[in-house]
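The values are calculated or read from the model by the stated rules, or taken from the named source; none is laboratory data. Since this is a predicted model, take the numbers as computed values, not measurements. Don't worry about glycine lacking a Cβ; one is built from the backbone with ideal geometry, like all the others, and counts go over all protein chains shown. Side chains are part of the model used for accessible areas, which takes the heavy atoms of the whole protein and leaves out ligands, DNA and RNA. Shrake-Rupley method; radii C 1.70, N 1.55, O 1.52, S 1.80 Å.
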Amino acid sequence: VQLPLYPTEIGLEPYWDTRYDPLWSVIGEVGLPISQHVGTHSYLSNLMHQDPTSAKGLFQSLPPIFMSEVLGSWVVTGILERFPKLRIVLVEAGLGWIPYYLERLDRMQERHGWNTFPGMIKQKPSFYWYRQMSATFEEDEFGIKNRADIGVENLMWATDYPHPDSTWPDSQKVIRQHFADVPIEEMRLMVGGNAARIYNL
């Protein structure tokens, strides 16, 4: 199930609104992952028009960073706590930023006493990531080096064909390079096994 990345940008309520609860319940029960493809909102759209670089390089570099807002929205607002069967996949957002953001969320919960406020999540934020979220990536050597902190079973390699980020026609070469120092069992999970499990293939 692919849903808009930022529902408020198209006039819908944010996903933590309880009006969505029946939808989350059904999606979780039938085992359909929710896909959140990297994209833009009004800030990034405005930046795209202001970007002084000829290739829109500033704009193109930032969407994965803004995906942290999406991750946080599913986790911190308690959606995943209330619907433990719900599965969220962050698509084409890369990996390298995830362990830092998870560490920051966990620290914020501890430092700011999130668990003392009514309605806040009961577990560490990273708990919900490991249990219910995943991310796809094309080329992310830093992320692969830090795969243990992200969760090997939470990662799915993709070719992104036929987009400009695609590894095609060198996908086999990219796989060999990216996973050269990775145990074969972990590589098989990230290249296909996790996707087969998450998407019930």
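Values computed for the structure shown
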| read-out | value |
| --- | --- |
| Dipole in debye (nearest 20) - the range 87-199, about Cα centre, beta carbon charges: Lys, Arg +1; Asp, Glu -1 | 560 |
| Candidates GLU138, GLU185, GLU69: whichever shows maximal mean-square fluctuation once the chain is modelled as a Gaussian network with Cα springs under 10 Å | GLU185 |
| Net dipole in debye of the range 1-104 [+1 Lys, Arg Cβ; -1 Asp, Glu Cβ; about Cα centre; nearest 20] | 140 |
| Among THR77, THR116, THR167, residue whose mean-square fluctuation peaks in a GNM of the chain (springs only between Cα atoms under 10 Å) | THR116 |
| About the Cα centre, charge dipole magnitude for the chain (Lys/Arg +1, Asp/Glu -1 at Cβ), debye | 460 |
| Solvent-accessible heavy-atom area per residue, rounded to whole Å², over the range 31-107 at 1.4 Å | 44 |
| Trypsin sites (Lys or Arg not before Pro) within the range 57-161, DSSP loop, no more than 10 other Cβ atoms inside 10 Å | LYS122 |
| Signed unit charges on C-beta, dipole axis of the chain, positive-most listed residue ILE34, GLY11, ALA158 | ILE34 |
| Rounded if a/c under 1.5, otherwise prolate or oblate - the range 92-201, Cα gyration tensor axes | prolate |
| Tail weight of P(r) past 25 Å, computed on alpha-carbon pairs of the chain, percent | 41 |
| Listed residues GLN60, GLN132, GLN50, most fluctuating in the chain (Gaussian network, C-alpha, under 10 Å) | GLN50 |
| Computed [θ] at 222 nm, deg cm²/dmol, the chain (DSSP H ≥ 4; -39,500 (n - 2.57); rounded to nearest 500) | -12000 deg cm²/dmol |
| Within straight-line cross-link reach of LYS145, lysines at Cα separation under 23 Å, skipping those fewer than 8 residues along the same chain | LYS173 |
| Selection from VAL1, PHE127, GLN50 lying farthest towards where the dipole of the chain points positive, charges on Cβ | PHE127 |
| Inter-centroid distance (Cα atoms) of the range 1-21 relative to the range 170-191, Å | 35 |
| Apportionment of accessible area to carbon and sulfur, the chain, percent (1.4 Å) | 55 |
| Gyration tensor (alpha-carbon) shape descriptor, the range 28-140, a/c threshold 1.5 | prolate |
